[in-house]
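Structure first, commentary second.
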Amino acid sequence: MNHADLIAIDTHTHLEVSCWNPFDSYGEEYDRAADKYFRSSRRPTLEETVNFYREKKIGLVLFTVDAETQLGRRRIPNEEIAEAAQKNPDILIAFGSIDPHKGKMGAREARRLIEEHGVKGFKFHPTVQGFEPQDRMAWPIYEVIAEYKLPAIFHSGHSGIGSGMRCGGGLRLQSSNPMLLEDVAIAFPDMEIVVAHPSWPWQDEAISLAMHKPNIWIDLSGWSPKYFPPQLVQYANTLLKDRVLFGSDFPLITPDRWLKDFAEAGFKDEVRPLILKENAKRLLKLV
């Protein structure tokens, strides 16, 4: 990634439209509920996403979410994103996503994605994937990630996916309590763990965990900064300023909106460059 030419690095973006596989309409009610929750229905293709970020001079970490076991919906291929990263190395970094229920087969896939496709990290969504992060079921995949000293992003807190659906779509918010990552952080100190989003209603737990475990980071995706809890801004400005990351949650939230609100959210002048780019450079080993 040509980070010197970029104004920021967005560490949390989603691909939700595949150009390789036909659209899988099974479970589409989750999309409609998310559209209503986020007041957005725009789902760009991979090419559109790359072009959009290149025009903005913002680098991006892109991934999908493999939740085939819980949702019964075919995933977007990890290789599709990895190939795009190889074609657009100036702007795009590929992360993989593997359903933790795939266990050792998932671990084999993780190794292949790293060694053959250049994937630089992984994304997990405990609520949507239907697991708790400390479940030993997922450890074979973690072992591979830790072996290569790559980062892993974990959704935390409330989930817009399932919100408003009957029984919340059967998805359990409790699986995304950030404190469930503590055993993982202890067992895999060589795996940098990114706690994604303001972790409402467990924001203080996320801050405490990051304060205590040096391999825990926090990304600020999924919310407009004007709604951030005050304690999150306080610690991002002080004791955690070196481990807080810019993330938008594109396409559900655009970087334009996020950056505009970030400029007015009370972050210190000397801290903004760290959050927008410098911390991500260290996490992604770009320096």
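Out of all the residues in region 59-78, which are part of a loop (DSSP other than H, G, I, E, B) and either within 19 Å of LEU252 (Cα to Cα) or over 19 Å from the mean Cα position of the chain (by Cα) (or both)? Residues satisfying the conditions are THR64, VAL65, ASP66, ALA67, GLY72, ARG73, ARG74, ARG75, ILE76.
Yes/no matrix, rows are residues, columns are (1) surrounded by fewer than 15 Cβ atoms within 10 Å (Cβ to Cβ); (2) in contact with a Pro (Cβ under 8 Å, 6 or more places away or on another chain); (3) within 29 Å of VAL50 (Cα to Cα):
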{"position": "HIS212", "(1), (2), (3)": "yes, no, no"}
{"position": "LEU240", "(1), (2), (3)": "no, no, no"}
{"position": "THR254", "(1), (2), (3)": "no, no, yes"}
{"position": "ASN279", "(1), (2), (3)": "no, no, yes"}
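Summed over region 1-17, residues that are within 23 Å of GLU28 (Cβ to Cβ), in contact with a strand residue (DSSP E or B) (Cβ under 6 Å, 6 or more places away or on another chain) and of a type in the set (Val, Ile, Thr) total 1.
Filtering region 188-208 down to residues that are in contact with a strand residue (DSSP E or B) (Cβ under 9 Å, 6 or more places away or on another chain) and over 19 Å from ALA280 (Cα atoms), which residue is surrounded by the fewest Cβ atoms within 10 Å (Cβ to Cβ)?
Ranking the qualifying residues of region 188-208, first place goes to PHE188.
Scanning region 222-241 for residues that are within 18 Å of the chain's Cα centre (by Cα) and part of a loop (DSSP other than H, G, I, E, B) returns GLY222, TRP223, SER224, PHE228. Return a yes/no flag: does region 45-62 have any residue that is closer than 24 Å to GLY168 by Cα and among the aromatic types (Phe, Trp, Tyr). The answer is no, given that none of the residues of region 45-62 is closer than 24 Å to GLY168 by Cα and among the aromatic types (Phe, Trp, Tyr).
Each residue in region 122-154 was checked for being in a loop (DSSP other than H, G, I, E, B) and either free of Cβ contacts under 8 Å to residues at least 40 places away in the same chain or among the acidic types (Asp, Glu) (or both), and 3 of them qualify. Among residues that are buried (at least 20 other Cβ atoms within 10 Å of the Cβ) and of a type outside the set (Phe, Trp, Tyr), SER97 is included.
Does LEU173 meet the test of being surrounded by fewer than 23 Cβ atoms within 10 Å (Cβ to Cβ) and among the aliphatic types (A, V, I, L, M)? The answer is yes for LEU173. Just a yes or no: is a residue in region 64-82 more than 21 Å from GLY118 (Cα to Cα), modelled with pLDDT under 95, surrounded by fewer than 16 Cβ atoms within 10 Å (Cβ to Cβ) and among the hydroxyl-bearing types (Ser, Thr, Tyr)? No; the residues of region 64-82 include none that is more than 21 Å from GLY118 (Cα to Cα), modelled with pLDDT under 95, surrounded by fewer than 16 Cβ atoms within 10 Å (Cβ to Cβ) and among the hydroxyl-bearing types (Ser, Thr, Tyr).
Given the criteria at pLDDT 95 or above, crowded, with 18+ Cβ neighbours inside 10 Å and either β-branched (Val, Ile, Thr) or out of contact with any His (no Cβ under 9 Å at 6 or more places or on another chain) (or both), does TYR142 qualify?
yes
Restricting the first member to region 263-287 and to residues that are without any contact (Cβ under 8 Å) to a residue 40 or more places away in the chain, and the second to residues that are among the aromatic types (Phe, Trp, Tyr) and part of a loop (DSSP other than H, G, I, E, B), the beta-carbon pairs closer than 9 Å and six or more apart or on different chains are GLY266/PHE228.
Considering region 79-97, the residues that are assigned to a loop (DSSP other than H, G, I, E, B) and touching a Leu at 6+ places or on another chain (Cβ under 8 Å) include one that is nearest to THR49 (Cα to Cα), namely ILE91.
The values are calculated or read from the model by the stated rules, or taken from the named source; none is laboratory data. A quick note: this is a predicted structure, and the numbers were derived from the prediction, not measured. Please note: Cβ atoms are built from the backbone with ideal geometry, for glycine as well, and neighbour counts cover all protein chains shown.
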